[in-house]
Amino acid sequence: MKTSAHLDQNALTAAITFVFSWVVLLPVGVIVTGKLLNQRMKIEAGAGQRLRIPVPGLFTIEANGAEVILGFAFYLVTLLVFGAAIGSHVAAWVKEQFGIEPGQFNALGFVSSLGAVTISFIVFLLTKPWQTRAQVKSRTRRDQLVDRLTMKQTGIDPKLLAEVKE
């Protein structure tokens, strides 16, 4: 016979598991994944999309526009692929590896969030446009030529002009 304390503990465990899997880890995974993928896949999206998680006194993590779209899209694709590939085994794996038993769907959400961040980080690293020393020298030389031409044509020291960001 189960006591009410045991039922309360089960309800509390279920609530904490749900909050961690879907209210904390999902948005953090979506934001991080979106930010990483948006560095490589520049897409245009309206400014209306915003996902923000403030942790008072510590930090605020936020995604806007295309970052939100890419993050959610990649998370959902990861959820679909992981669900189809390892869905029936994921709860047991999470219990064995992490020592928690969040339930089948919560475990799938947990693994999909971690998987989306991991895969997007690997994509980010593998597609990073590494700059060679020659490219850096070439860019420096070009900047010096532009500065000289600006000074010659306008008489204005380019170092005094406001910086223009892309």
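For region 121-136, check the following and say yes or no: at least one residue is surrounded by fewer than 13 Cβ atoms within 10 Å (Cβ to Cβ), in a loop (DSSP other than H, G, I, E, B) and modelled with pLDDT of 90 or more. Checking region 121-136: not a single residue is surrounded by fewer than 13 Cβ atoms within 10 Å (Cβ to Cβ), in a loop (DSSP other than H, G, I, E, B) and modelled with pLDDT of 90 or more.
Annotation note: Cβ proximity below 8 Å between a residue of region 95-120 that is free of Cβ contacts under 8 Å to residues at least 60 places away in the same chain and a residue that is outside any helix (DSSP H, G or I) (sequence gap 6+ or interchain) occurs for LYS95/GLU101; GLN104/GLY87; LEU108/GLY87. Being assigned to a helix (DSSP H, G or I), of a type in the set (D, E, K, R) and crowded, with 17+ Cβ neighbours inside 10 Å is a condition met by no residue of region 80-96. Only one entry of GLU67, GLU44, GLU62 meets the criterion of being modelled with pLDDT of 85 or more, of a type in the set (D, E, K, R) and not in a helix (DSSP H, G or I), and that entry is GLU62.
The values are calculated or read from the model by the stated rules, or taken from the named source; none is laboratory data. All figures in this text were calculated on a predicted structure; none of them were measured in a lab. Cβ: placed from backbone, ideal geometry, glycine included. Neighbour counts: every protein chain shown.
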